[in-house]
Amino acid sequence: MKALVIDDSRATRRLIRRLLTKFGFEVHDEPLATTSLAHLKEGHEYDIALVDVNMPEMNGIEFVREVRSDPKWDQMFLFMVTSDSSEGRMMEAMEAGADEYFLKPVHEQALKGKLELLGFEFE
């Protein structure tokens, strides 16, 4: 299992990386959605991308729209991870093509549960 973590917060990237590694994922992380999109366009493939909503240059919802506009990434799950709990923002993310929406702070069991809902299996 391979995961891409996109968040401009270094601390958040480290926390999510640590948890995903514990769950058995191979993890690549990036601070910006723009560099993450370029990384995908280079041919790197992931089972899931965990994306912050509020980032400089390109926000997470714009990233989701870009990814969903290309059928070669149809099988990749897009998981929004954010502190924005507004219903409007959540609806915008889901309409853009996000598969799941998760509120920060990130807790191990809650994250694992959400991943299991998407069909990931853990030992």
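The values are calculated or read from the model by the stated rules, or taken from the named source; none is laboratory data. This one's a predicted model, so the numbers in the text were calculated from it and none came from an experiment. Using ideal geometry, Cβ is built from the backbone for each residue, glycine included, and neighbour counts are taken over all protein chains shown.
Do we find a residue being within 17 Å of Leu4 (Cα to Cα), of a type in the set (A, V, I, L, M, F, W, C) and at pLDDT below 95 anywhere in region 81-90? For region 81-90, residues within 17 Å of Leu4 (Cα to Cα), of a type in the set (A, V, I, L, M, F, W, C) and at pLDDT below 95: present.
Among the residues of region 1-60, just one is part of a helix (DSSP H, G or I), of a type in the set (Gly, Ala, Ser) and farther than 22 Å from Ala93 by Cα, namely Ala11.
Please count how many residues of region 30-60 are in contact with a Gly (Cβ under 9 Å, 6 or more places away or on another chain) and either among the aliphatic types (A, V, I, L, M) or surrounded by fewer than 17 Cβ atoms within 10 Å (Cβ to Cβ) (or both). Steps first, answer last, please.
Within region 30-60, the first condition is being in contact with a Gly (Cβ under 9 Å, 6 or more places away or on another chain), and the residues that meet it are 33, 51-54.
From what's left, either among the aliphatic types (A, V, I, L, M) or surrounded by fewer than 17 Cβ atoms within 10 Å (Cβ to Cβ) (or both): 33, 51, 53-54.
Residues meeting the conditions: 4.
Only one of Arg89, Arg17 is over 14 Å from the mean Cα position of the chain (by Cα) and surrounded by 15 or more Cβ atoms within 10 Å (Cβ to Cβ); which? Don't jump to the end; show me each part of the working.
Numbers: Arg17 fails: over 14 Å from the mean Cα position of the chain (by Cα).
On inspection, the qualifying residue turns out to be Arg89.
Looking only at residues in region 61-73 that are without any contact (Cβ under 8 Å) to a residue 40 or more places away in the chain and closer than 15 Å to Leu50 by Cα, the one that is surrounded by the most Cβ atoms within 10 Å (Cβ to Cβ) is Val64.
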